[in-house]
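To start, the structure under review is shown below, and the notes come after it.
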2 protein chains.
Amino acid sequence: MAENEEEKVKLLGVVGSPFVYRVQLALKLKGVQYELLEENLEHKSQLLLKYNPIHKKVPVLVHDENPITESLVILEYIEETWKGNPILPQEPYSRALARFWTKFIDEKCMSTIWKTATTLDEKEREKAIEESHEVLQILENELKDKFFGGETLGLVDIVGTCVAFWLPAIEQIVGLELLTSEKFPKLYNWTHQVLNHPFVKETLPPREPFLAAFKARIQILTPSK
Amino acid sequence: MAENEEEKVKLLGVVGSPFVYRVQLALKLKGVQYELLEENLEHKSQLLLKYNPIHKKVPVLVHDENPITESLVILEYIEETWKGNPILPQEPYSRALARFWTKFIDEKCMSTIWKTATTLDEKEREKAIEESHEVLQILENELKDKFFGGETLGLVDIVGTCVAFWLPAIEQIVGLELLTSEKFPKLYNWTHQVLNHPFVKETLPPREPFLAAFKARIQILTPSK
């Protein structure tokens with residue numbers, strides 16, 4: 001791709017958001033250069049309000065002045081626009097499975113795990129821990145290869161970075177052990193494969209400042225912690 | 001497509017579900033013959049539990065013995081498997097927009113409208129009505145052509161059948177007028193274009209039995225109605 005075309009890719013985001021991060025990782029895997037425009041979500045920019053007037057949220061990918069919003073929609077756009085290093089398989093049934101597991105991680109897995117950190121009621125919290133074990137077991141059963149995408153990172157792994165990176169952060173802040181090598185050996189090994197992938201290592205936020213900011217966010221949501 | 005191949009398409013579903021219906025309409029638009037296996041959700045079949053062990057929900061599309069679940073995942077699969085009469089545009093940015101509006105209808109629009117029928121608290125209900133007007137106004141502003149898909153039904157229109165058919169049912173049962181020709185002239189006209197589309201007319205459930213069943217369902221959810 002010519003440099004002047006590459007320059008046209010911008011990403012409105014915040015450092016530390018799993019939804020922004022998945023877009024950054026996909027762009028990295030595709031070899032697409034982009035400019036990260038950091039947002040302050042307390043004082044949203046005019047650009048964000050212009051490009052995402054309905055949800056007013058990050059990430060927003062801007063390509064050739066066209067804004068694309070919603071992280072899963074952006075990932076499909078990236079896959080269709082830059083064909084190299086595919087993140088989805090070619091065959092329709094395998095693509096459907098990848099989309100199913102992506103939705104599962106996004107809609108079921110992360111909301112369940114998030115509750116273990118943000119629920120104050122002890123009974124509710126125990127229920128959330130039990131349900132987290134259930135969803136992690138489902139992922140454990142599904143994992144057949146090095147990555148969900150096989151030998152290389154695919155869509156499920158990209159979206160799954162919220163399990164590989166954000167879940168251990170939640171565990172550390174809350175003082176929980178959810179994803180242990182004893183209970184979920186394949187998934188535990190997968191998190192290390194993901195975190196040691198060179199593109200993941202290069203693009204993840206630095207751990208200590210991220211942890212401090214993430215802890216502050218959880219404390220805002222659950223004042224007693 | 002040869003008849004023996006067509007015979008391999010089965011759909012596990014229930015009549016009256018907007019999530020099942022959107023799959024039926026897409027199959028109809030593609031000219032795919034299928035067998036509808038009606039589920040009783042009070043006594044789920046072994047087949048449903050086998051094919052959708054995680055969510056145990058309909059619709060499930062079974063093609064060549066491969067089960068596909070989650071209605072939006074199924075629609076993408078249908079589009080990729082049967083190429084005729086595309087329901088998504090070809091160009092990536094237009095595809096991203098179609099996916100964005102599909103998510104908007106599914107995640108924002110219908111849950112907001114549904115609350116107007118199922119919320120007992122009067123203040124909450126007034127808020128839901130106000131928010132319903134807002135989401136309908138957003139759709140009104142977005143509608144540029146005969147259909148969201150242009151001159152023919154596309155993904156947004158297929159998913160939007162929940163607005164065209166299920167919303168008037170909610171209005172009738174609850175005694176509300178949300179989508180009026182005065183407030184939303186383009187969207188109002190669109191609902192008629194959708195409902196008069198020959199494939200939609202052929203596949204929608206018969207109105208009176210549907211209304212009775214739908215009313216019973218709303219009453220279960222809101223006992224005082």
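Computed from the coordinates by the stated procedures, all read-outs in this text should not be read as laboratory data. Bear in mind that the values here come from a model prediction, so they are computed numbers and not experimental data. Cβ coordinates were reconstructed from backbone atoms using ideal geometry, including for glycine residues, and neighbour counts include every protein chain displayed.
Label sites at B:Asn85 and A:Leu36, each approximated as a point 7 angstrom past Cα along Cα to Cβ, lie 4.6 nm apart.
Taken over the Cα atoms of the protein assembly as shown, the convex hull encloses 175 Å³ per residue. With θ taken as phi - 60° and the Karplus curve 6.51 cos²θ - 1.76 cosθ + 1.60 applied, the whole-hertz 3J(HN,Hα) list for region A:101-117 is 5, 4, 4, 4, 5, 5, 8, 10, 5, 5, 5, 5, 5, 4, 4, 5, 9 Hz, x standing for glycine and proline. Taking the number of Cβ atoms within 10 Å of each Cβ as an exposure proxy, the fewest-first ranking of B:Leu88, B:Leu139, A:Leu41 is A:Leu41, B:Leu88, B:Leu139.
Placing a label point 7 Å from Cα along the Cα-to-Cβ axis, A:Arg207 is separated from the same position in the other copies by 6.4 nm, shortest listed first. Where only DSSP H runs of four or more residues are counted, chain B gives -16000 deg cm²/dmol as its mean residue ellipticity at 222 nm, each run worth -39500 (n - 2.57).
Considering only region B:9-81, what is the antiparallel percent among its DSSP beta bridges, to the nearest 5?
Working: 8 of 12 bridges.
That works out to approximately 65 percent antiparallel.
Annotation: the residues A:Ile113, A:Ile54, sorted from fewest to most other C-beta atoms within 10 Å of their own C-beta, follow the order A:Ile54, A:Ile113.
Which percent, to the nearest 5, of DSSP beta bridges fully inside the protein assembly as shown are antiparallel? Roughly 70 percent of the DSSP beta bridges within the protein assembly as shown come out antiparallel. Scaling the Cα radius of gyration of region B:92-221 by the globular reference 2.2 N^0.38 Å produces a ratio of 1.05.
Using Cα-Cα distances under 8 Å and only pairs 6 or more residues apart, what relative contact order does region B:9-81 have, in percent? Numbers along the way, then the final one.
Values: 92 pairs, mean separation 28.2, N = 73.
Worked out over region B:9-81, it gives 39 percent.
If R0 is 25 Å, the Cβ-Cβ spacing of A:Gln172 and A:Thr222 corresponds to a FRET efficiency of close to 0.95.
Across all directions, the average flat footprint of the convex hull enclosing the Cα atoms of region A:21-124 is 8.9 nm². Computed over chain A with a Gaussian network model linking Cα atoms closer than 10 Å, the most mobile of A:Glu42, A:Glu171, A:Glu91 is A:Glu42.
Each 5 Å bin from 0 upward holds the following percent of the Cα-Cα pairs of region B:58-118: 4, 15, 19, 21, 18, 13, 7, 3, 0.
What separates the A:Asn141 label point from its copies, with the point 7 Å along Cα to Cβ, is 4.5 nm, written shortest first.
For A:Tyr51, B:Tyr188, the sequence from fewest to most other C-beta atoms within 10 Å is B:Tyr188, A:Tyr51. Starting from the Cα of B:Lys30, draw a straight line to each of the lysines and keep only those under 21 Å, dropping any in the same chain fewer than 8 residues away. Reachable lysines: B:Lys8, B:Lys10, B:Lys83, B:Lys146, B:Lys201.
Treating each Cα of region B:9-81 as an identical point scatterer and summing with the Debye formula, the log10 of I(q)/I(0) at q = 0.24 Å⁻¹ comes to -1.11.
Once a ≥ b ≥ c are taken as the square roots of the eigenvalues of the Cα gyration tensor of chain B, is the result rounded (a/c under 1.5), prolate (a/b larger than b/c) or oblate (a/b not larger than b/c)? Walk me through the numbers before you get to the answer.
Numbers: a/c = 1.91, a/b = 1.24, b/c = 1.54.
Since a/c reaches 1.5 but b/c is at least a/b, the shape of chain B is classed as oblate.
Applying the criteria of a DSSP loop state and at most 11 other Cβ atoms within 10 Å to the trypsin sites (Lys or Arg not before Pro) of region A:41-99 yields A:Lys83. Please list, by residue number, everything in region A:8-39 whose backbone N is under 17 Å from a paramagnetic label point 7 Å out along Cα→Cβ of A:Glu202. Flagged as within label range: A:21-36.
Restricting the count to DSSP beta bridges whose residues both fall in chain B, what percent are antiparallel, rounded to a multiple of 5? Display every interim value, and only then the final one.
Working: 9 of 13 bridges.
Expressed as a percentage, antiparallel bridges in chain B total about 70.
Under 10 Å, Cα contacts only: if you run a Gaussian network model on chain A, which one of A:Ala117, A:Ala212, A:Ala128 comes out with the highest mean-square fluctuation? So, out of A:Ala117, A:Ala212, A:Ala128, the one fluctuating most is A:Ala212. Look at the alpha carbon pairs under 8 Å that are at least 6 residues apart: their mean separation over the length of region B:92-221 gives a relative contact order of 25 percent.
Let me check I've understood the local charge: for B:Lys44, count other residues with C-beta under 14 angstrom from its C-beta, Lys and Arg +1, Asp and Glu -1. What total comes out?
Working: positive: B:Lys50, B:Lys56, B:Lys57; negative: B:Glu38, B:Glu39, B:Glu42.
Net charge around B:Lys44: 0.
The phi-based Karplus calculation (6.51 cos²θ - 1.76 cosθ + 1.60; θ = phi - 60°) puts the 3J(HN,Hα) values of region B:181-196 at 5, 6, 7, 10, x, 6, 5, 4, 4, 4, 4, 6, 4, 5, 5, 8 Hz, whole numbers, x for Gly and Pro. For region B:51-64, 3J(HN,Hα) computed residue by residue from phi via the Karplus equation (6.51, -1.76, 1.60; θ = phi - 60°) reads 7, 9, x, 7, 9, 6, 10, 9, x, 10, 9, 10, 10, 6 Hz, glycine and proline entered as x. Counting only aspartates and glutamates at least 8 places from B:Lys115 when in the same chain, those with an alpha carbon closer than 17 Å to its own are B:Asp106, B:Glu107, B:Glu124, B:Glu126, B:Glu130, B:Glu131, B:Glu134, B:Glu171, B:Glu177.
The modelled label-to-label distance for the pair A:Asn189/B:Glu107, using points 7 Å beyond Cα in the direction of Cβ, is 3.4 nm.
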